[in-house]
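Q: Here it is, the structure in full.
The values are calculated or read from the model by the stated rules, or taken from the named source; none is laboratory data. All values reported here derive from a predicted model rather than from experimental measurement. Cβ atoms come from the backbone with ideal geometry, glycine included; neighbour counts cover every protein chain shown.
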Amino acid sequence: MSETKTVRITIDGRSIDAPVGQTVLEAARQHNIDIPSLCYHPGVEAFGACRLCVVEIRKHNWTPDWKQLVTSCLFPVEEGLIVETRSPEVMENRKVVLDLQLARVPNSDVIRQLAAEYGIHDTSYEKREDADDCIMCGLCVRVCDAIGAHAISTLSRGPEKYVDVPNKDACIGCLACALTCPTNAIEYIEEGNMRTIWDKTFEVVLDPVNKKPIATPEQIAHFSKQSGLPEDYFTKSDATRKKETAASFARVMFD
Amino acid sequence: MIKRPKAFKTPKSLLDYAEKVKKDRDSRKLEVRICAGPSCVAGGALEFRDELQKELDAHAPQLKKAGLTVGTSLIEKCTGCHGMCEAGPLVILEPMEIFYTHVKPKHAKSIVETTLLEGEPVKELLYSLDFTKGGEKAKHHSDIPFYALQNRIALKNVGTIDPTNFEDFLLNDGFKGLVKALTTMTPEEVVDAVDESGLRGRGGAGFPTGRKWKSALRVKQDRVWLVCNGDEGDPGAFMDRVIMDSDPYTVIEGMLIAAYGLGATDGYIYVRHEYPLAVKHLTMAIENMKALGLLGENILGSGLNFNLKLSRGGGAFVCGESSALMRSLEGKVGEPRAKYVRSVEKGFKDEPTVLNNVETYACVPSIISRGADWFSSMGTAKSKGTKVFSLVGKVKQTGLVEVPMGRTLREIIYDIGGGIIDDRPFKAVQTGGPSGGCLPADKLDLPVDFDTLTREGAMMGSGGMIVMDDQTCMVDVAKYFIKFLSDESCGKCVPCREGLKQVYQILDRITKGEGREGDIELIEKLCHTMEVASLCALGKGAPFPVLSTLRFFREEYEEHIHDKFCRGGVCKELINFHINDSCTGCMVCLRHCPTEAITGERKKLHVIDDDKCISCGICRNVCKFDSVDIISQGKIVAGKEPAMA
Amino acid sequence: MSPKSKTGKRRDPGDVAALEPTAGDTGAKVPASPSKATGDSCDPMDPVCICDTMDEIFTHYPREEASLIMILQELQDRFNWLPDAALERIAEELDIPKSRILAVSTFYKSFSLDPRGRKVIKVCTGTACHVRGAGMLLEEFERVLDIPVGEGMTDDGTFSLESVNCVGACAMAPAVLVNDRYYAKVGPGNLGKLLTKERES
Ligand SMILES: Cc1cc2nc3c(=O)[nH]c(=O)nc-3n(C[C@H](O)[C@H](O)[C@H](O)COP(=O)(O)O)c2cc1C
Ligand code: FES
Ligand code: FES
């Protein structure tokens, strides 16, 4: 195999080699440079909705005062790119964006804390009435689609846009949406072997050993169908599964 | 009648047929062209046609004696929009160049008897040059400034041909550009010609078409999609609709030439769902061309293959944006994407795609047949050719006009459009649709081209020109656009979705007289973030209607906030209605008032009760004597006489 | 529409007395809940079965996601709304998750998930119409028909009211579209006549 091509870019004065095809956000994170984000998740396609990750770029062959704001979670790295993640312009817009988010979800602890980090303690705008904590980052929908359940989606458009579960039958109760939600806006209840999410209640299979919930039968059937693994693979206790996996590795090695 | 071949297998067969049709039509002495554009149809054009047909039948013997046989020497047909919608329904008689306005079914008889049989015009139907009833009449349509000052390229067939008649199109140089390209030019030469013509996209941003096509040629490709953007979301603009309705073959010819130049084999025309007639006529044209061998495999024996389909939008302004349009074509929600990878590389179905606007394609056949130099000889240094504008709002002669780039706003609004209704003072002209801006009176002498308008904070957009008089409130106009955009935002990214919502709320409170100190600054800050940090051009362009009104009409914002004064007399919470002495006591307003707020007797001055009045404005709208004034802060802001400028 | 702070008692304007709902008009072509539109589970005797219509619609388009919007358009044209049973059938035939079909049908403005009146009145609120009084006209329609814009229909099932952004007749603003018929220069003064004409045809 040929080596992956890399390009050299500069982020906040640091010179970095990044593989072609990576986005600026990925390159920065790989080198522990912090760019805030709410709608990015490495497991699903980048979306570019929350606008927190916006950074300022210049290019070495541009005139010196030519700069532009770009979405780092979408912008591909290229040779000679110069990135500022905290320029005054970037910070200013980040503040406005957080201010707007705070008006949308005034009760969300996550957003309140993030806004406070940027010096915003109360929103300059009118707060949304009866606000829930959803910031419309679309992660839940993308995750649900990636899993292949396709139970939830965004409905309507514009400021009225919201997330709902128009395909409740398809929900497998896997909690992926709730667990990826950056603002914990999707509620679920777990009690004993019962789990309720999106107003739908599931019986949960418990770990035979430690009695912790493993998965819903619907989830197990879904994953089994997708992966081709037998259903009981998913219901074993963690310890058993580990042991079996090690054994199968061993078999492969000795063959 | 000559027989149309089943299919055209060579360019020559097409040209030969066109020649034969031409000879056959030489026997035509007279053509009656009834405008069947949307406005004229709304005004009863089709009822007139039915009546005319009856009259023609009834007078058939006399007409025959005069040498006019219906169907051969006398043709009556419905065409697309003639342009001067305000004066509709319109009828044109050729070759006499007679132009009739406000035609009603009852006029069919006198047109047959007076004009067709005696060769005299029906005086009452002629166009009045000074817009008054008794004024001087225009004998020929070429005497009318509205037409005389135009130069029609994209609209060349609009209003002259019957859009459903293939032969009509063929006779007006139809497919001449295509045949020339296929027989005398290489694909590269076609793209070069479009590049040299200086044609810039007519859909909004004015991107040079040749440059777009050349960059598409540079992309390594297995398949290229060609898309025609007929979404026309700009409210107030209807040129694309009229072109698609009235001359569908020209749009398709333009696409075929592009397909040849770019090696595209498949294409779509994406038509806005509110345009049923465009869908009908384009579908008809596509089916017809397929049957005639002008679409599909090996077109005219040239080896060119091009399959064209039509797709209807679902009712979303944002789908006019190219990346959202492509998602919509794929059957998805029309959310735009960031354009870090260009659509000539990854567009429809993630394959290379070239997308252009309807009017852009409609210019291409003429550029090829008449040459790049001819096209670039018109217009300004960086904006070549002509542009179609829809001249609407408070202007006397509303309609569709095509003029060379570089004409001034004044020429378009006053010389062509005849000025402002009731000769009221001009306040602003809005260009560029929801991402455009409003220009005040001191910009009237600006030449209209892409770069000048952009520099002034307005935009060419698709060519909508909405004229506003002194009875327009600029804060209300800004609020209108923000509401529009907020309804139409896809809702994906924060600055656009939340920003528009907040700007709307601020503007709303200002128009209600609840504006606060600091509101203008808050709007400006938000607008800046929307402009630089939104994901797509809808959000990035959304601040312009607000910023341009703030730039040129800031005092109106301040008056609303500080003085609770609306000089346009529009913002309900800041105005009252009052009946002046010119009231004749006709009781009409009284009957129409939904809240029984008006009292009075026949022939006596009526009075409005402010407590009951909800400022709906109906009394003023129905009053025939201009007796209802609008008052804000004790001042008459809209009354009988033109108010303060 | 933003809520108005100025409100007042209203009465029916004199010339619209003819607009009182006429009894016996049955409204939309498809009742509120047609039976499932898939062949096997459908009762052939069911008078509101939409299978045949669906079968026919599917013959017009290739079975791929790109056909979705066109199919929804055709459904909307025929029924004036999108019955849930039809959406289920589309999901099955095109193999698209129903959640995505709902995302699409709520994103685009031309689709309705509730039954609409026999005639849909679309008042243009595009810019050209706005500066010539479309806002006032829309409010007057709301008042006279006694239904809010974008929701429901008149009690007799005849009319639904919608606002649209530009119908391309800007030169004759304010423009109103009733199903496919255009009306030019509509104002409070001639709105009554328009409704009477439409009610009769
Ligand atoms: C929000 C938005 C709406 C648009 N609407 C239209 C439209 O209705 N028609 C159109 O031709 N272009 C529209 N455009 C511009 C297109 O994205 C694209 O630039 C254009 O169709 C390209 O064709 P052209 O180069 O021939 O102008 C719109 C752009 C944006 C951002
Ligand atoms: S992480 Fe890039 S926009 Fe949200
Ligand atoms: S703005 Fe109303 S028809 Fe165009």
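Q: Could you look through segment B:234-286, keep only residues that are assigned to a helix (DSSP H, G or I) and among the small types (Gly, Ala, Ser), and pick out the one that is farthest from residue B:224 (Cα to Cα)?
A: B:246
Q: Just checking, how many residues over segment A:61-74 are within 10 Å of chain B (Cβ to nearest Cβ), surrounded by fewer than 23 Cβ atoms within 10 Å (Cβ to Cβ), within 24 Å of residue A:6 (Cβ to Cβ) and over 15 Å from the mean Cα position of the chain (by Cα)?
A: Residues meeting the conditions: 2.
Q: Does residue A:106 count as more than 19 Å from the chain's Cα centre (by Cα) and free of Cβ contacts under 8 Å to residues at least 24 places away in the same chain?
A: For residue A:106, the condition - more than 19 Å from the chain's Cα centre (by Cα) and free of Cβ contacts under 8 Å to residues at least 24 places away in the same chain - is not met.
Yes/no per residue for (1) away from every other protein chain (no Cβ under 12 Å); (2) over 17 Å from the mean Cα position of the chain (by Cα); (3) within 29 Å of residue C:85 (Cα to Cα); (4) crowded, with 17+ Cβ neighbours inside 10 Å:
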{"residue": "A:91", "(1), (2), (3), (4)": "no, yes, no, no"}
{"residue": "A:113", "(1), (2), (3), (4)": "yes, yes, no, no"}
{"residue": "A:127", "(1), (2), (3), (4)": "no, yes, no, no"}
{"residue": "A:140", "(1), (2), (3), (4)": "no, no, yes, yes"}
{"residue": "A:156", "(1), (2), (3), (4)": "no, yes, yes, no"}
{"residue": "A:165", "(1), (2), (3), (4)": "no, yes, yes, yes"}
{"residue": "A:172", "(1), (2), (3), (4)": "yes, yes, yes, yes"}
{"residue": "A:195", "(1), (2), (3), (4)": "yes, yes, no, yes"}
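Q: In this structure, is residue B:181 touching a Phe, Trp or Tyr at 6+ places or on another chain (Cβ under 6 Å), among the aliphatic types (A, V, I, L, M) and more than 18 Å from residue B:17 (Cβ to Cβ)?
A: yes
Q: Tally the residues that are assigned to a loop (DSSP other than H, G, I, E, B) and either without any contact (Cβ under 8 Å) to a residue 24 or more places away in the chain or touching a His at 6+ places or on another chain (Cβ under 6 Å) (or both), restricting the search to segment B:70-88.
A: Within segment B:70-88, residues that are assigned to a loop (DSSP other than H, G, I, E, B) and either without any contact (Cβ under 8 Å) to a residue 24 or more places away in the chain or touching a His at 6+ places or on another chain (Cβ under 6 Å) (or both) number 1.
Q: On the basis of being part of a helix (DSSP H, G or I) and either assigned by TED's automatic domain parsing to the domain that holds residue B:241 or free of Cβ contacts under 8 Å to residues at least 12 places away in the same chain (or both), does residue B:64 make the cut?
A: yes
Q: Considering only helices (runs of 4 or more DSSP H) fully contained in segment B:307-418, which possess at least 2 residues that are more than 16 Å from ligand 3 (Cβ to nearest atom) and touching a Pro at 6+ places or on another chain (Cβ under 9 Å)?
A: Hits in segment B:307-418: B:322-329.
Q: Kindly check whether there is at least one residue in segment B:199-210 that is away from ligand 2 (no atom under 16 Å from the Cβ), surrounded by fewer than 18 Cβ atoms within 10 Å (Cβ to Cβ), modelled with pLDDT of 95 or more and farther than 15 Å from residue B:372 by Cβ.
A: Checking segment B:199-210: at least one residue is away from ligand 2 (no atom under 16 Å from the Cβ), surrounded by fewer than 18 Cβ atoms within 10 Å (Cβ to Cβ), modelled with pLDDT of 95 or more and farther than 15 Å from residue B:372 by Cβ.
Q: Follow-up. Quick one: which helices (runs of 4 or more DSSP H) lie wholly within segment C:88-201 and hold at least 3 residues that are facing chain B (nearest Cβ under 10 Å)?
A: C:98-107, C:127-130, C:134-145
Q: What number of residues within segment B:522-568 are more than 14 Å from chain A (Cβ to nearest Cβ), in contact with a strand residue (DSSP E or B) (Cβ under 6 Å, 6 or more places away or on another chain) and among the hydrophobic types (A, V, I, L, M, F, W, C)?
A: 4
Q: Among the listed residues B:620, B:602, B:567, identify the single one that is touching a Phe, Trp or Tyr at 6+ places or on another chain (Cβ under 9 Å) and among the basic types (Lys, Arg).
A: B:620
Q: Please list, ordered by first then second residue, the pairs with beta carbon atoms under 6 Å, 6 or more apart or interchain, first in segment C:50-68 and farther than 15 Å from residue C:88 by Cβ, second among the hydrophobic types (A, V, I, L, M, F, W, C) and part of a helix (DSSP H, G or I).
A: Cβ pairs passing all conditions: C:61/C:70; C:61/C:71; C:63/C:94.
Q: Going by what's in this entry, would residue B:617 be described as on the phi > 0 side of the Ramachandran plot and facing chain C (nearest Cβ under 10 Å)?
A: So residue B:617 passes the test.
Q: Additional query: Would you check if residue A:187 is within 14 Å of chain B (Cβ to nearest Cβ) and of a type in the set (D, E, K, R)?
A: No; evaluated as a whole, the condition is false for this residue.
Q: Residue check: is residue C:196 away from ligand 2 (no atom under 16 Å from the Cβ), of a type outside the set (Asp, Glu), in contact with a Pro (Cβ under 8 Å, 6 or more places away or on another chain) and modelled with pLDDT of 90 or more?
A: no
Q: Of everything in segment B:313-333 that's among the small types (Gly, Ala, Ser) and more than 10 Å from ligand 1 (Cβ to nearest atom), which residue is farthest from residue C:64 (Cα to Cα)?
A: Here the residue is B:315.
Q: Something else now. Any residue in segment B:498-521 that is within 16 Å of ligand 3 (Cβ to nearest atom), under 28 Å from residue C:162 (Cβ atoms), free of Cβ contacts under 8 Å to residues at least 60 places away in the same chain and of a type in the set (D, E, K, R)?
A: So far as segment B:498-521 goes, no, none of its residues is within 16 Å of ligand 3 (Cβ to nearest atom), under 28 Å from residue C:162 (Cβ atoms), free of Cβ contacts under 8 Å to residues at least 60 places away in the same chain and of a type in the set (D, E, K, R).
Q: Need the failing condition index for residue A:48 against (1) among the small types (Gly, Ala, Ser); (2) buried (at least 21 other Cβ atoms within 10 Å of the Cβ); (3) more than 7 Å from ligand 2 (Cβ to nearest atom), just the number.
A: (3)
Q: Between B:209, B:250, which is within 8 Å of ligand 1 (Cβ to nearest atom), touching a residue at least 60 places away in the same chain (Cβ under 8 Å) and more than 25 Å from residue B:481 (Cβ to Cβ)?
A: Going through B:209, B:250 in turn, the sole match is B:209.
Q: If you go through segment B:501-544, how many residues are buried (at least 24 other Cβ atoms within 10 Å of the Cβ) and not in a helix (DSSP H, G or I)?
A: The qualifying residues number 4.
Q: Restricting to helices (runs of 4 or more DSSP H) lying wholly in segment A:19-120: which have 3 or more residues that are closer than 25 Å to residue B:342 by Cα?
A: A:24-30
Q: Would a scan of segment B:522-531 turn up a residue that is touching a residue at least 40 places away in the same chain (Cβ under 8 Å) and out of contact with any Lys or Arg (no Cβ under 8 Å at 6 or more places or on another chain)?
A: no
Q: Restricting to segment B:463-478, name every residue that is part of a helix (DSSP H, G or I), more than 8 Å from chain C (Cβ to nearest Cβ) and buried (at least 24 other Cβ atoms within 10 Å of the Cβ).
A: Scanning segment B:463-478 gives B:474, B:475, B:478.
Q: Still on this structure: For segment A:35-60, which residues satisfy the criterion of being more than 14 Å from chain B (Cβ to nearest Cβ) and either within 16 Å of ligand 3 (Cβ to nearest atom) or over 17 Å from residue A:13 (Cα atoms) (or both)?
A: A:41, A:42, A:43, A:44
Q: Going by what's in this entry, would residue B:34 be described as surrounded by 22 or more Cβ atoms within 10 Å (Cβ to Cβ), outside any helix (DSSP H, G or I) and either aliphatic (A, V, I, L, M) or more than 14 Å from chain C (Cβ to nearest Cβ) (or both)?
A: Judged against the criteria, residue B:34 is a match.
Q: Show the residue pairs that are 6+ apart or on different chains and have beta-carbon atoms under 7 Å apart, the first residue being within segment B:337-357 and within 14 Å of chain A (Cβ to nearest Cβ), the second being more than 13 Å from ligand 1 (Cβ to nearest atom) and outside any loop (DSSP other than H, G, I, E, B).
A: B:338/A:71; B:340/A:76
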